[in-house]
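S.K.: Before I ask anything, let me first share the structure, which is written out below as structure tokens.
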2 protein chains.
Amino acid sequence: MAVYRQPVEEDIVDSVKVGLIGFGTIGTGVVRILTENAAWLARRAGVPIRLKTIVDIDLERDRGVPVEGITLTHDIGDILGDPEIRIVIELVGGIEPASTILLDAMSANKDVVTANKALLAAKGPELFQAAVEAGVDIGFEASVAGGIPIVRCIKEGLAGDRIRSISGIINGTSNYVLSTMTEQGRGFSEALKQAQELGYAEADPSLDIDGHDTAHKLSVLVGLAYGMSVRPGEIFTEGIREITDMDIAHAGELGYRIKLLALSKRQQGTLEVRVHPTMISARHPLASVGEAYNAIYVMGEATGPVMFYGQGAGMMPTASAVASDLIEISRNLRLGIRRRMPPLGFYGDFLQEAAVKKMEDLCTKYYIRFPVEDRPGVLSKIAGVLGDNGISLHSVIQHGRSGSGPVHIIMLTHEARERSLQQALSKINGMQEVLGKSLSIRIEDALNPF
Amino acid sequence: MAVYRQPVEEDIVDSVKVGLIGFGTIGTGVVRILTENAAWLARRAGVPIRLKTIVDIDLERDRGVPVEGITLTHDIGDILGDPEIRIVIELVGGIEPASTILLDAMSANKDVVTANKALLAAKGPELFQAAVEAGVDIGFEASVAGGIPIVRCIKEGLAGDRIRSISGIINGTSNYVLSTMTEQGRGFSEALKQAQELGYAEADPSLDIDGHDTAHKLSVLVGLAYGMSVRPGEIFTEGIREITDMDIAHAGELGYRIKLLALSKRQQGTLEVRVHPTMISARHPLASVGEAYNAIYVMGEATGPVMFYGQGAGMMPTASAVASDLIEISRNLRLGIRRRMPPLGFYGDFLQEAAVKKMEDLCTKYYIRFPVEDRPGVLSKIAGVLGDNGISLHSVIQHGRSGSGPVHIIMLTHEARERSLQQALSKINGMQEVLGKSLSIRIEDALNPF
């Protein structure tokens, strides 16, 4: 059989040397992949990729990966000041010193790779601007949805299409908790405890459970999909703490699943961006995304629906995403190319100001649960307040009391304005017959109703 | 708010001019996307992409898309001989003249884009070799799974990882037929007729239904994932004609779904490649891929499972894939870059000979249905032959007779060798008590058992 061979070329570099700052879990995965897959990566990149230097505070701990031939140091200057090192991988996390490290590396004319979604959400526009001004590449495939190559999918694979909406399960911890509640009938605290025991949730889980991590990633996705800048503070963010096993069960009876979704929708001149628990049809592809898996459902004008599914976190999936960035940059370096691809895949004004739609102007259907006294007239009183606010009901469920405590009235509304709903709820929550705070969950019926 | 802007550069080209050969359905979609999305594409590509010339036999028919300012001609020379045209899109289909068109275009120093999976399966290695020798780019995102950017996902997104296996639903027609049988309880012929009425199946559906189209696409995926050359003739290919509503129902009772899968698995030095109806767990993400949707489930060593889901065919999804190739090539052309990315994403020997595992050496579990006479002793006789061939049974189902005709014995085996199974089946099919050909369906229990 014939051998098919790319002609030998005059390469500008005979290897690409890399510096790693941050030798934690992901860093260890990167070292492993660069070592174990060295020959494979060279075949993909066209040039060997060699890890020359690692910077970390803790150089004593054995990470179980080979570090022979790699310089281990506490001094970032050993990377930033080394002209041989062409790519700097930042896996420090957090805003500072990560931000300064990246800016200094770019000033030193080095391409950079980061997995730091919190930083990109906070300072992405400034970092991207610094990259284009320095004429260097910035890779951040690992910052959203770990092993799912969603950054490249939007920037390159779907580049010819205009994206209408994105609906993403992009926080593994929350998805694990909700999936466990759904499949094993557990309560929130119990499911969270289980997630913590299995390492899916941190000791302080608030960044994940309260939706902030999801909002960080959504901010990055919105930049990629629309070339629009939305800071996390502009994204309405609601977590999953209030969801009870009762809500999960009711959702199931109604043919829905509850998922923590990152949602963005482009509409006439405005952009809807929001993060909150959402009821979606049990038949929707996102509904069956279980455990700690991530999935991003993209609706393109031409392409229609496309979904990307995989592990959103973990040492090796995230390290693999870092490696894909190293390969892309190395493919450029070996040919002496830079600035081929702008950070977000847009030329010219690559980030425009987004006209974010006010949350109070949202129009959607709601599931609402009211814990109330079990006595006549309560239901009609609640329905009356909703009606006064222009909210009409699709259906009402009231189960008989089982044991002591409040009974729960469940209502599904027709499409209503968020503003009207909040006004009605504030009034209803103040009623004497209402024994606790009501809970409302937004419903996405036609997930992408365009 | 700040405006984030890529600095103005000295572009080598101020627009990229494109020629289109083949003004059929996909071609019409390409014209629409290049027209309607022109400003968007320019923002993504960094340079306007302008369709200059269209070649087709039929220039009279109104396709409902604007062609003002575009030269319409019967003469391919008007594209191949036009030095202004930098990219040639081949949407003619079939082997010839498509192959000659692509080779001539590359000889004329033009980058090419094609959606032609039959051609790539038959002559991909030669076309890729011609591309690298001519120093031009060849884009073929549209050749596999239409709107799903699977080519880039493997070549770039997962480039840092080694892919263990691919399991794909990559023929919309077959998936529509099987999904309709499953969800509506219809027979094969009835479901196929429905697919034909809805435009999901051709008048002659054999290319789709018999698995050949799936094998063509698998051949392309194997090249991308492993850098290995496998011709369709080397891929064991079995279609879905023999599947009955009874098998679908039994699969459901057993917790399985039947899907036509393209399978490839890398194992110690060999490559398993096969296309056949497959029973997979009803809980597997591929199981819920309904209608004419496609999905590709990739198992990476580091990344773990990743799945890509979307529309595998249709005018606009496929046109969007063509547009993504135009953007990639234009991003190169505007900077005067060529050969940045080898056709399959591998440098050096980009296609190696695959040691394809012999089908008879396959080891898997089987579902087998035997139509038999309803009399004592038949079951034990069949089980005896299986046992003589070293095939042990996991379970047996025999429903009572309902009406005339044969009764059906269903058996699930433990892992067995294909060779042994075929020997046993050939003996059993010859038995007097067996009233028709038995049907066997391979089971993938742990879909990616590595």
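The values are calculated or read from the model by the stated rules, or taken from the named source; none is laboratory data. Remember, it's a predicted structure, so these values are computed and weren't measured experimentally. Note: ideal-geometry Cβ built from the backbone for every residue, glycine included; neighbour counts use all protein chains shown. Heads up: the accessible areas ignore ligands, DNA and RNA and are worked out on the full protein's heavy atoms, side chains in. Shrake-Rupley method; radii C 1.70, N 1.55, O 1.52, S 1.80 Å.
S.K.: Please pick out the residue among B:Y293, B:Y309 that is open to solvent by 10 Å² or more (accessible area, probe 1.4 Å), facing chain A (nearest Cβ under 7 Å), under 24 Å from A:I148 (Cα atoms) and of a type outside the set (A, V, I, L, M, F, W, C).
M.R.: That would be B:Y309, the only listed residue that is open to solvent by 10 Å² or more (accessible area, probe 1.4 Å), facing chain A (nearest Cβ under 7 Å), under 24 Å from A:I148 (Cα atoms) and of a type outside the set (A, V, I, L, M, F, W, C).
S.K.: Continuing with this model, one more query. State which residue pairs qualify: first residue touching a residue at least 12 places away in the same chain (Cβ under 8 Å) and inside region A:147-169, second residue among the aromatic types (F, W, Y) and open to solvent by 10 Å² or more (accessible area, probe 1.4 Å) in any location, beta carbons under 6 Å apart, and separation of 6 or more residues or different chains.
M.R.: What qualifies is A:R162/B:W40; A:R164/A:F450; A:S167/A:Y297.
S.K.: Something else: Can B:G239 be described as in contact (Cβ under 8 Å) with a residue 12 or more places away in the chain, open to solvent by 10 Å² or more (accessible area, probe 1.4 Å) and away from chain A (no Cβ under 14 Å)?
M.R.: Considered against the rule, which asks whether it is in contact (Cβ under 8 Å) with a residue 12 or more places away in the chain, open to solvent by 10 Å² or more (accessible area, probe 1.4 Å) and away from chain A (no Cβ under 14 Å), B:G239 comes out as yes.
S.K.: Pick out the one residue from A:T214, A:T303, A:T270 that is among the polar types (S, T, N, Q) and open to solvent by 40 Å² or more (accessible area, probe 1.4 Å).
M.R.: Answer to the check: A:T270.
S.K.: Any residue at all in region B:155-178 that is hydroxyl-bearing (S, T, Y), modelled with pLDDT of 95 or more, touching a Leu at 6+ places or on another chain (Cβ under 8 Å) and outside any helix (DSSP H, G or I)?
M.R.: Within region B:155-178, one or more residues are hydroxyl-bearing (S, T, Y), modelled with pLDDT of 95 or more, touching a Leu at 6+ places or on another chain (Cβ under 8 Å) and outside any helix (DSSP H, G or I).
S.K.: Which count do you get for residues in region A:312-321 that are at the interface with chain B (Cβ under 7 Å from one of its Cβ atoms) and either open to solvent by 10 Å² or more (accessible area, probe 1.4 Å) or in contact with a strand residue (DSSP E or B) (Cβ under 9 Å, 6 or more places away or on another chain) (or both)?
M.R.: Qualifying residue count, region A:312-321: 3.
S.K.: Please enumerate the residues belonging to region B:86-128 that are open to solvent by 30 Å² or more (accessible area, probe 1.4 Å) and either among the basic types (K, R) or within 14 Å of chain A (Cβ to nearest Cβ) (or both).
M.R.: Hits for region B:86-128 are B:R86, B:K117, B:K123, B:E126.
S.K.: Here's something else I'd like to know. Looking only at residues in region A:35-63 that are within 30 Å of B:L351 (Cα to Cα) and β-branched (V, I, T), which one is farthest from the chain's Cα centre (by Cα)?
M.R.: A:V47
S.K.: Suppose the filter is under 15 Å from B:T318 (Cβ atoms) and in contact with a strand residue (DSSP E or B) (Cβ under 6 Å, 6 or more places away or on another chain); does B:I150 pass it?
M.R.: yes
S.K.: Which members of region B:27-43 meet the condition of being open to solvent by less than 10 Å² (accessible area, probe 1.4 Å) and facing chain A (nearest Cβ under 7 Å)?
M.R.: Listed by number, the residues that qualify are B:I33, B:L41.
S.K.: Follow-up. Against the condition at pLDDT 95 or above, surrounded by fewer than 18 Cβ atoms within 10 Å (Cβ to Cβ) and over 27 Å from A:K259 (Cα atoms), how does A:D388 come out, does it pass?
M.R.: yes
For (1) small (G, A, S); (2) on the phi > 0 side of the Ramachandran plot; (3) in contact with a Leu (Cβ under 7 Å, 6 or more places away or on another chain), each residue gets a yes or a no:
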residue: A:G81; (1), (2), (3): yes, no, no
residue: A:I85; (1), (2), (3): no, no, no
residue: A:V88; (1), (2), (3): no, no, no
residue: A:T100; (1), (2), (3): no, no, no
residue: A:D104; (1), (2), (3): no, no, yes
residue: A:V112; (1), (2), (3): no, no, yes
residue: A:P125; (1), (2), (3): no, no, yes
residue: A:A130; (1), (2), (3): yes, no, yes
residue: A:G139; (1), (2), (3): yes, no, no
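S.K.: Report the residue count in region B:333-356 for those that are surrounded by 20 or more Cβ atoms within 10 Å (Cβ to Cβ), assigned to a loop (DSSP other than H, G, I, E, B) and more than 7 Å from every other protein chain (Cβ to nearest Cβ).
M.R.: Adding up the residues that qualify gives 4.
S.K.: Next question, about the same structure. Restricting attention to region A:134-147, and to residues there that are part of a helix (DSSP H, G or I) and in contact with a strand residue (DSSP E or B) (Cβ under 9 Å, 6 or more places away or on another chain), which single residue is farthest from A:S324 (Cα to Cα)? Can you show your working first?
M.R.: So in region A:134-147, the residues part of a helix (DSSP H, G or I) come out as A:134, A:141-143.
Those still in the list that are in contact with a strand residue (DSSP E or B) (Cβ under 9 Å, 6 or more places away or on another chain) too: A:141-143.
Numbers: A:E141: 8, A:A142: 9, A:S143: 12 Å.
Looking at the filtered set, the residue picked out is A:S143.
S.K.: Look through region A:129-149, keep the residues that are charged (D, E, K, R) and open to solvent by 10 Å² or more (accessible area, probe 1.4 Å), and return whichever of them is nearest to the other protein chains (Cβ to nearest Cβ). Lay out the reasoning, then the answer.
M.R.: Kept after step one, since they are charged (D, E, K, R), are these residues of region A:129-149: A:133, A:137, A:141.
Adding the requirement that they be open to solvent by 10 Å² or more (accessible area, probe 1.4 Å) leaves A:133, A:137.
On the way: A:E133: 7, A:D137: 13 Å.
Of everything passing the filter in region A:129-149, A:E133 is nearest to the other protein chains (Cβ to nearest Cβ).
S.K.: If you go through region B:409-422 one residue at a time, how many are open to solvent by less than 40 Å² (accessible area, probe 1.4 Å) and either touching a Lys or Arg at 6+ places or on another chain (Cβ under 8 Å) or in a strand (DSSP E or B) (or both)? Please lay out each step first, then the result.
M.R.: In the first step, residues of region B:409-422 are kept if they are open to solvent by less than 40 Å² (accessible area, probe 1.4 Å); the result is B:409-413, B:416, B:418, B:420-421.
Then drop every residue that is not either touching a Lys or Arg at 6+ places or on another chain (Cβ under 8 Å) or in a strand (DSSP E or B) (or both), which leaves B:409-413, B:416.
Of the residues in that region, 6 qualify.
S.K.: Report yes if A:T364 is at pLDDT 95 or above and within 11 Å of chain B (Cβ to nearest Cβ), otherwise no.
M.R.: Considered against the rule, which asks whether it is at pLDDT 95 or above and within 11 Å of chain B (Cβ to nearest Cβ), A:T364 comes out as no.
S.K.: Give the residues of region B:155-173 that are more than 8 Å from every other protein chain (Cβ to nearest Cβ) and not hydroxyl-bearing (S, T, Y), sorted by residue number.
M.R.: Listed by number, the residues that qualify are B:K155, B:I163, B:R164, B:I166, B:G168, B:I169, B:I170, B:N171, B:G172.
S.K.: From A:R257, A:R152, A:R231, grab the single residue that is within 14 Å of another protein chain (Cβ to nearest Cβ), of a type in the set (K, R) and over 22 Å from A:N116 (Cβ atoms).
M.R.: Step by step, each of A:R257, A:R152, A:R231 is checked, and only A:R257 is within 14 Å of another protein chain (Cβ to nearest Cβ), of a type in the set (K, R) and over 22 Å from A:N116 (Cβ atoms).
S.K.: What's the total number of residues in region A:65-104 that are assigned to a strand (DSSP E or B) and of a type in the set (D, E, K, R)? Outline the logic, then answer.
M.R.: Taking region A:65-104 first, the residues assigned to a strand (DSSP E or B) are A:71-73, A:85-90.
The next check asks that each one be of a type in the set (D, E, K, R); those that pass are A:86, A:90.
Residues meeting the conditions: 2.
S.K.: So if I check each of B:S324, B:S330, which one is more than 7 Å from chain A (Cβ to nearest Cβ), at pLDDT 90 or above and either open to solvent by less than 10 Å² (accessible area, probe 1.4 Å) or at positive phi (or both)?
M.R.: Working: B:S324 fails: more than 7 Å from chain A (Cβ to nearest Cβ).
B:S330 is the lone residue from the list that is more than 7 Å from chain A (Cβ to nearest Cβ), at pLDDT 90 or above and either open to solvent by less than 10 Å² (accessible area, probe 1.4 Å) or at positive phi (or both).
S.K.: Taking the stated definitions as given, is A:A313 over 26 Å from A:R63 (Cα atoms) and among the small types (G, A, S)?
M.R.: Criteria not met by A:A313.
S.K.: When region A:357-372 is examined, which residues are found to be in contact with a strand residue (DSSP E or B) (Cβ under 8 Å, 6 or more places away or on another chain) and either on the phi > 0 side of the Ramachandran plot or open to solvent by 40 Å² or more (accessible area, probe 1.4 Å) (or both)?
M.R.: Of everything in region A:357-372, those that are in contact with a strand residue (DSSP E or B) (Cβ under 8 Å, 6 or more places away or on another chain) and either on the phi > 0 side of the Ramachandran plot or open to solvent by 40 Å² or more (accessible area, probe 1.4 Å) (or both) turn out to be A:K357, A:E360, A:D361, A:C363, A:K365.
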